[in-house]
Every structure is written in structure tokens, then in C-alpha cells.
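Scroll down for the structure; my scribbles are underneath it.
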Amino acid sequence: MAKASDLFVAALEAEGVEYIFGIPGEENLDLLESLRTSSIKLLLTRHEQAAGFMAATCGRLTGRAGVCLSTLGPGATNLVTAAAYAQLGAMPMLMITGQKPIKTSKQGHFQIIDVVDTMRPLTKYTRQIVSAGSIPARVREAFRRAQMERPGAVHLELPQDIAGDPTDAHLLPASYSRRPIAEAKAVAHAAQTIAEARHPLLMIGAGANRQTIANCLRAFVDKLGIPFFTTQMGKGVIDEDSPLWLGNAALSDHDFVHRAIDSADCIVNIGHDVIEKPPFFMREGKRKVIHVNYEGAEVDAVYFPQIEVVGDIANAVWQLGEALQPQAHWDFNFFHRVREALAANIAKRADDDRFPLTGPRLVADVRRAMGDDDIVCLDNGLYKIWFARNYHCRRPNTLLLDNALATMGAGLPSAIAARIVHPNRNVLAVCGDGGFMMNSQELETAVRLGIDLTVLLLNDNAFGMIKWKQRHEDYPDFGMDLGNPDFVKYAESYGARGHRPDSAAEFLPLLREAIARPGIDLIEVPIDYSDDDRILNEEIPRLSAALFAAS
């Protein structure tokens, strides 16, 4: 007979779990003791929300469910935002929460809420474990659900008395499973439509950001030469230094890439996820739209594809590649002009020497400092638009941004997890002052764990993106300004190094030095968003419209 908590941990080990992030409580003590003698490392964080962000990022980078732990009540509710982050972002993650004894209790309702029902709308699967014998099935099903397409968050509640029960249950082996492949007639219909088009265009979305899909897409594009663009969470699936990359749909409309979309007569959506706002609005009869995804299209007023190729995306792309040859009547001349205009527009501000730094100069210097395999983890703020639009990704999952829940506070925890998963890559966290302070305490976690990490803190002493929106709507400034600590001293108080450049020229050398040095470096940089409304909402739309009018 084994103790239930030992069996639970053995089930986690069988699923390949290496790390658990979180904060245990008294209801987790049996589980904690079982973890102490296991191969799994418990990584203690300073807040459960940060633990959830870390677990979700592990899932995003590996395809295997990351795991986080909390106690009951307030610990469990602190995981709610992280659950939504993983669920909307399609990141496989398992949350384990404790609970008071369920067979007998002497504490009434102290700290007790219905965590299972709380998690239900935010997860793919949530269960309370009511008997030790059910542990193998519950854990196996949780991982299966978390990792199957579309990935997401799952939750298991292990009550205190169940964790201590004896059991003779045995682990369940993982089943062999393959995703269904797309039906041949659907592939043939899609291939014929692409071949007959004059200006076909590929859109790469979040669902395509898987390694096998990236390999198949690269082969597809190399063979056919069809230009492509990406959504924010599709960045890096194919090398964005490719002459066929037309840009990223970081803006809702009126960027150069949208002029390419307007001129396309066939758009092939690879892995479009409806969580991301549509980068184009369909108009009946204007163009053919082909939906290639694990599941059928979720049709609404702006998205109603005429052709659906449903099944394993990598296999579907391979089948399409086998069925197609480059066509002499394909005309990509305007698409190439779009790419040239975008490149010129990005280069125009890459060396802007104003200080405080502007968004375009910041992104250009970060790109100069980071290697092709290095990872940039963004929090949420106005700078995210500049990174999505201007930062060329050479590899998948090298710019981790959240365009699903788009929560603040995830940048630093995500970067810590990325460095744990990829200890031989440089990792940079980019945070605004507002988002950073939501989980800044995790600097202590990074220092304690001995992680090498650089944190780039963009300071405008405000909730800058909302202030920008407020100004764009012609409202007066109100309710957005912050009072911040001395961030250099703040970093040093945790045992990290703090820096503050005094000019644009100082920034890049300082960033390169910090990235190359072991330990934690925080660089506080003042950022100026004052020109962004004019550039993003007036200048770029005017330039892109002129390009389209001249075509």
C-alpha cells in the first residue's frame, strides 16, 4: 500500500513533470513531503499568480503541461488570472490546489470556497479527487486534456485527508494517439482554389506555432514562393527575414500588411485562433478564404471561410504542398512592394537618438542585442505593438507575447520560466512600470534560483497604453499617472544589479553587457509614447493608403 500523495507525485513523474511552481499551504503538506523525495523540483514563488504564469510558459515552450501548486481558498483564487492566461493562450498547464478534509472537518467553512466550480469556465477539465484510487485516472486525463489540441488549463483539487489515505492503485500508461488528418477532397478543393488564384496570400496564426507545423510551413513556402504574414501569436513560425514575409497584423487595420490583405484574392489561414482579433474583415465575394486548422471554423459576422481543411495542421500543409506547384499566373509584385515599404518604414526610426527612448528605437536595439535563438518575453503595454510589428523573429517562440488574455504582470514570471526551460539561451523580460510592479517580487525568486536574466523596465510613470487610448479618444489625462520607486535601488535590494542609461547611445552597449553577464540585471529606461498616436493612427495609414492607391 502506498500513500495517496506518493501515488499522485509518481503519476506526475510518469507524465514527465520536472518542475512545480507555487506556494504550498498546510493542506498540501502530505503532497509536499512526497515531492521532497521525488525527482520533481519544487520552485517556490512569491505569488501564486506568478507561479501560474511560469507553468503556462513552460507549457507554451515545451508542449507538455507545466504544473503549479497552491493551497485552498486565497491561494487557489490567486491562480484564476493564470488559468485564463493559459486557457485563452492555448498553453497546456495543470493547477493543483489543496482543500480541507472532505470526509470529516472540524473547521466549518473557514477558507472554503468551491474551487472546482470557480475554475470550470476557465479550464478544459476540473475535478476534486474524492478517493485515492481515482488518482491515476484523474491525473492521466488532466494531462491528456491539457495537451490535446486546442491546449489549455486543467485543474485538480487534492483534499488534505485524501492525500494521506493508503491506496493500492496503479498508474495508467499513456495511450498512443494520432490526430485525425484532413480529408483528401477538402485538400484537393483548397489546392485548386489556391492554384486558380492570382494573388494568394498565407496568414499564419497562433495555432500554427508548433514545431512540426513550422517545419512543414517552411517547406511549403520554399517550394511555392507564396508570401505570408502573421498574427501576433504566429510570429516566428517562419523566419521573418524571409523576402516573402509581409509583416505582422499588430495594428487592427491601415498598416502596410493590410494593403496586401486588401489586394489578395485568396487567403489561406493556417492555424487562425479566434482568440486573436481578426486581421481582416471578410466581405462576401471579395476573396476566397481557406481555413486550415485542427477544428472547423467558428463562423461569425466577419469570418465565414468558404473552404475548411480540418485535421492535423502539419499534415494538411504537407498535403497542400504535395498537391500544388508554382503557377505562372501568380502575381506577387504588389506584395513585394508592400514588404519594401514596411522595411523602409521600420528602418526610418531604428536610429532615432531622442531620449527618453522611442518604441521603434527600443525594438531596433533589442533586436541588435539578441541572438536568433534568444527569447524576449513581453509584459503588456503600448511597446507590445512596436515589438509585434518591428521585431523580426528568426525562430518560433522567440518573442513571447500575449495577445489572448493580454494580462499585465506576466512578463517577468514568463521570462523566469523561459530561462529554466532553455538555460543555454539568453532571455530578456520587457515590462512597463505598471506591469512590472504587479509581480516585481519575483525578482527575489530569480535571484534565489540563481537564474541569469535581464529585465528591461520601460518607465513612463503611468499606465501608458491606456493613457495613449485616452488621448486618442480626445479625453483629458485622468487616472493613469503613477508614483514609482527608484527601480535601480529596488533591484539592488533583491540582490540584482540595477542600471539607468542617460542617453539613447548608452542603451545598446549597456543592454549587450547585461545580457552577456551572469546573474540578474535590471535596466530602467525612460520611454516616450507621445508620438505614437500620430505615427500609428495617422502617418502609417496615410503612407500605406498612398502605396495602395499607386498600385
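The values are calculated or read from the model by the stated rules, or taken from the named source; none is laboratory data. Here the structure is a predicted model, which is why all the values come from computation and not from measurement. Cβ: placed from backbone, ideal geometry, glycine included. Neighbour counts: every protein chain shown.
Structural remarks
- Scanning region 370-386 for residues that are closer than 18 Å to Asn426 by Cα, surrounded by fewer than 23 Cβ atoms within 10 Å (Cβ to Cβ) and not acidic (Asp, Glu) yields one hit, Gly371.
- Residue match in region 234-246 (condition: closer than 21 Å to Leu547 by Cα and outside any loop (DSSP other than H, G, I, E, B)): yes
- Restricting region 172-201 to residues that are surrounded by fewer than 16 Cβ atoms within 10 Å (Cβ to Cβ) and polar (S, T, N, Q) leaves a set whose member that is farthest from the chain's Cα centre (by Cα) is Gln192.
- Conditions (1) more than 24 Å from Ala462 (Cβ to Cβ); (2) more than 26 Å from the chain's Cα centre (by Cα); number of the one not met by Asp502: (1)
- For region 116-155, the tally of residues that are buried (at least 16 other Cβ atoms within 10 Å of the Cβ), among the charged types (D, E, K, R) and closer than 21 Å to Pro74 by Cα stands at 1.
- Odd one out for Phe478 among (1) part of a helix (DSSP H, G or I); (2) modelled with pLDDT under 85; (3) of a type in the set (Phe, Trp, Tyr): (1)
- Restricting region 263-279 to residues that are over 21 Å from the mean Cα position of the chain (by Cα) and in a loop (DSSP other than H, G, I, E, B), the residue that is surrounded by the most Cβ atoms within 10 Å (Cβ to Cβ): Ala264
- Leu31 vs. criteria over 23 Å from Asn209 (Cα atoms) and either hydroxyl-bearing (Ser, Thr, Tyr) or in contact with a Ser or Thr (Cβ under 8 Å, 6 or more places away or on another chain) (or both): yes
- Restricting Ile113, Ile102 to those that are surrounded by fewer than 17 Cβ atoms within 10 Å (Cβ to Cβ), touching a strand residue (DSSP E or B) at 6+ places or on another chain (Cβ under 6 Å) and either in contact (Cβ under 8 Å) with a residue 40 or more places away in the chain or in the same structural domain as Ala406 (by TED's automatic domain parsing) (or both) reduces the list to Ile102.
- Verdict on Val139 being closer than 22 Å to Asp30 by Cα and assigned to a strand (DSSP E or B): no
- Scanning region 207-242 for residues that are among the β-branched types (Val, Ile, Thr) and either within 20 Å of the chain's Cα centre (by Cα) or surrounded by fewer than 21 Cβ atoms within 10 Å (Cβ to Cβ) (or both) yields Thr212, Ile213, Thr230, Thr231, Val237, Ile238.
- A single entry from Asp402, Asp452, Asp433 fulfils the requirement of being of a type in the set (Asp, Glu) and under 30 Å from Leu244 (Cβ atoms): Asp402.
- Test: Ile204 is buried (at least 17 other Cβ atoms within 10 Å of the Cβ), among the aliphatic types (A, V, I, L, M) and either without any contact (Cβ under 8 Å) to a residue 40 or more places away in the chain or not assigned by TED's automatic domain parsing to the domain that holds Ala84 (or both): yes
- Looking only at residues in region 518-534 that are outside any strand (DSSP E or B) and touching a residue at least 12 places away in the same chain (Cβ under 8 Å), the one that is surrounded by the fewest Cβ atoms within 10 Å (Cβ to Cβ) is Pro518.
- Scope region 284-303; condition in contact with a His (Cβ under 7 Å, 6 or more places away or on another chain) and touching a residue at least 40 places away in the same chain (Cβ under 8 Å); matching residues: Asn293
- Residue, surrounded by the fewest Cβ atoms within 10 Å (Cβ to Cβ), within region 307-336, restricted to residues that are touching a Leu at 6+ places or on another chain (Cβ under 8 Å) and in a helix (DSSP H, G or I): Gly321
- Some residue of region 119-126 being farther than 16 Å from Gln49 by Cα and part of a strand (DSSP E or B): yes
- If you go through region 326-336 and pick out every residue that is more than 19 Å from Ala545 (Cα to Cα) and without any contact (Cβ under 8 Å) to a residue 60 or more places away in the chain, you end up with 1.
- Qualifying residue in region 10-18 (condition: of a type in the set (Val, Ile, Thr), in contact (Cβ under 8 Å) with a residue 24 or more places away in the chain and in contact with a helix residue (DSSP H, G or I) (Cβ under 6 Å, 6 or more places away or on another chain)): no
- Listed by position, the strands (runs of 3 or more DSSP E) enclosed by region 1-84 that each have at least 3 residues that are among the hydrophobic types (A, V, I, L, M, F, W, C) and surrounded by 24 or more Cβ atoms within 10 Å (Cβ to Cβ) are 66-70.
- Of the criteria (1) aliphatic (A, V, I, L, M); (2) crowded, with 20+ Cβ neighbours inside 10 Å; (3) in contact with an Asp or Glu (Cβ under 7 Å, 6 or more places away or on another chain), which one Val488 fails: (2)
- Subset of region 85-94 that is out of contact with any Lys or Arg (no Cβ under 7 Å at 6 or more places or on another chain) and of a type in the set (A, V, I, L, M, F, W, C) - its residue that is surrounded by the fewest Cβ atoms within 10 Å (Cβ to Cβ): Leu88
- Flag for Ala297 being farther than 22 Å from Arg198 by Cβ and small (Gly, Ala, Ser): yes
- Look at (1) of a type in the set (D, E, K, R); (2) more than 22 Å from Ala545 (Cβ to Cβ); (3) assigned to a helix (DSSP H, G or I); (4) touching a residue at least 40 places away in the same chain (Cβ under 8 Å) and you find that Arg339 fails only one, number (2).
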